[in-house]
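Trainee: Handing you this structure, nothing more for now.
The values are calculated or read from the model by the stated rules, or taken from the named source; none is laboratory data. From a predicted model like this one, the values you see are computed outputs, not experimental measurements. We place every Cβ from the backbone using ideal geometry, glycine too, and count neighbours over all the protein chains shown.
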Amino acid sequence: MIPTTKLLAGALSRRQVMHLASASGLGLFAGATRLQSASRQSQSSRVAEGSWGRIEKLGEGIWSVVSTPLAQDDWTTLCNGGIVAGSEQVLVIESFAGPAGARLVAQQARQLSGRWPTDVLVTHYHGDHANGLEGFVTGDSRPEIWMTATTRKLILEADGRRDESLDPVRKEMLEGAKLIAPEGVLQLNLGGLDLKIQPRRGHTASDVTVELEGPSIVFCGDLIWNQMFPNFRDTLPSALSKSVRSLRREAATTYVPGHGPLATGADVARFTELIDSVEATARSAIESGTPAAEAAAEFRLPEALEGWHLFRESYFEIAIGSWFKELGLDPAG
Ligand SMILES: [Zn+2]
């Protein structure tokens with residue numbers, strides 16, 4: 001059965017929300033600062049808006065989905081994503097936090113492009129990006145699902161830990177997914193619109209970015225966060241650092257981060273500075289024999305990042321601790 005569009009936000013219990021929060025890597029929102037309306041995008045590019053977030057046009061047949069879960073406490077979509085429509089195929093990037101979020105974006109895609117999504121790509125396994133797949137089913141038709149084999153394996157494992165009963169169609173969709181090879185670029189032509197799917201890693205063991213030229217756009221998954229301190233729970237920090245550097249472009253580019261408003265090259269430079277400062281703090285703590293928790297208590301965001309949001313105090317410790325773990329050390333010292 002296909003859940004109705006209004007299902008998620010109203011129907012989730014607090015416990016489910018907490019579970020999703022930890023599955024998503026976003027952490028608990030209790031006590032978090034409310035996100036200010038921080039987008040610098042002009043109002044005129046917005047083609048849809050709701051308590052869940054907004055859709056902005058980035059080019060002919062190209063739109064970003066920017067979720068604003070903290071603005072009105074609406075978690076329907078929760079992560080960012082996109083819609084890319086050629087004459088042959090309509091691709092939605094991410095399946096969002098649940099079937100209701102996926103359905104909302106699918107309906108927007110149909111309204112904007114004239115067609116229900118034919119393809120859905122999930123950038124990585126976290127629940128806020130992966131839990132909506134079954135919401136894309138309509139009538140007898142299901143879109144093609146794209147993800148890496150590692151992402152599929154991690155989603156199936158995470159699904160096994162969920163305590164709500166899942167629509168069996170979800171497992172069928174996962175089992176039938178088209179697998180993105182772990183190396184090399186996959187070129188897709190949606191009909192007059194070319195895009196590149198680039199496998200990467202760092203935020204998790206497997207992340208992919210979706211990249212376009214002219215207009216220059218990178219859908220970053222959670223490799224980039226904007227105006228929010230990222231969760232390093234599953235992060236391989238040296239790989240994250242490498243991926244973030246390699247997805248940056250010389251040309252003026254719109255970066256669609258996994259969370260937070262659309263980012264410019266300057267925003268991505270600030271994010272790079274942030275992860276570098278985490279690395280420097282971790283390395284000097286390791287050198288002086290300071291435990292990660294103690295180093296985290298002293299850690300301050302670089303000046304350029306004042307005003308960024310930190311969902312939980314523990315995020316600094318998790319971030320610094322990720323370097324300890326990668327270097328084979330115990331974060332407790
Ligand atoms: Zn994530």
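Trainee: Are there strands (runs of 3 or more DSSP E) fully within the stretch 43-113 with at least 1 residues that are surrounded by fewer than 17 Cβ atoms within 10 Å (Cβ to Cβ), more than 19 Å from the chain's Cα centre (by Cα) and hydrophobic (A, V, I, L, M, F, W, C)? List them.
Mentor: 46-50
Trainee: Further question on the same structure: Show the residue pairs that are 6+ apart or on different chains and have beta-carbon atoms under 6 Å apart, the first residue being within the stretch 254-275 and within 21 Å of P69 (Cα to Cα) and without any contact (Cβ under 8 Å) to a residue 60 or more places away in the chain, the second being assigned to a helix (DSSP H, G or I) and not charged (D, E, K, R).
Mentor: Once the first residue is within 21 Å of P69 (Cα to Cα) and without any contact (Cβ under 8 Å) to a residue 60 or more places away in the chain and sits in the stretch 254-275, its partners that are assigned to a helix (DSSP H, G or I) and not charged (D, E, K, R) give Y255/V268.
Trainee: Something else: Assuming H129 fulfils every condition listed in (1) away from the ligand (no atom under 16 Å from the Cβ); (2) under 23 Å from A149 (Cα atoms) apart from one, which condition is it?
Mentor: (1)
Trainee: Return the residue satisfying two criteria in turn: it lies in the stretch 208-227 and is over 12 Å from the mean Cα position of the chain (by Cα) and either of a type outside the set (A, V, I, L, M, F, W, C) or modelled with pLDDT under 95 (or both), and of such residues it is nearest to the ligand (Cβ to nearest atom).
Mentor: Q227
Trainee: Related question: Is it the case that some residue within the stretch 65-78 is farther than 27 Å from D234 by Cβ and at pLDDT 90 or above?
Mentor: So far as the stretch 65-78 goes, yes, one or more of its residues are farther than 27 Å from D234 by Cβ and at pLDDT 90 or above.
Trainee: Quick one: is L188 part of a helix (DSSP H, G or I), more than 16 Å from the ligand (Cβ to nearest atom) and either within 20 Å of the chain's Cα centre (by Cα) or in contact (Cβ under 8 Å) with a residue 12 or more places away in the chain (or both)?
Mentor: So L188 fails the test.
Trainee: Report yes if E175 is over 19 Å from the mean Cα position of the chain (by Cα), of a type outside the set (G, A, S), over 18 Å from E94 (Cβ atoms) and modelled with pLDDT of 95 or more, otherwise no.
Mentor: yes
Trainee: Hand me the list of helices (runs of 4 or more DSSP H) wholly inside the stretch 233-333 holding 2 or more residues that are within 16 Å of the ligand (Cβ to nearest atom).
Mentor: Counting at least 2 such residues, we get 237-247, 265-288, 314-326.
Trainee: Where the second residue is at pLDDT 95 or above and surrounded by 14 or more Cβ atoms within 10 Å (Cβ to Cβ) and the first is of a type in the set (K, R) and lies in the stretch 156-172, which pairs have Cβ atoms under 7 Å and are six or more apart or on separate chains?
Mentor: R170/L133; R170/E134
Listed here are the residues, each with its yes/no results for (1) in a loop (DSSP other than H, G, I, E, B); (2) of a type in the set (S, T, Y); (3) within 16 Å of the ligand (Cβ to nearest atom).
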| position | (1), (2), (3) |
| --- | --- |
| H124 | yes, no, yes |
| R152 | no, no, yes |
| I155 | no, no, yes |
| G192 | yes, no, no |
| K196 | no, no, no |
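Trainee: Looking at the stretch 137-144, can you tell me whether even one residue there is surrounded by fewer than 20 Cβ atoms within 10 Å (Cβ to Cβ), β-branched (V, I, T), over 20 Å from the mean Cα position of the chain (by Cα) and not in a loop (DSSP other than H, G, I, E, B)?
Mentor: Yes: one or more hits.
Trainee: Can you pull out the residues in the stretch 298-313 that are at pLDDT 90 or above and not aromatic (F, W, Y)?
Mentor: Answer for the stretch 298-313, where residues must be at pLDDT 90 or above and not aromatic (F, W, Y): just E298.
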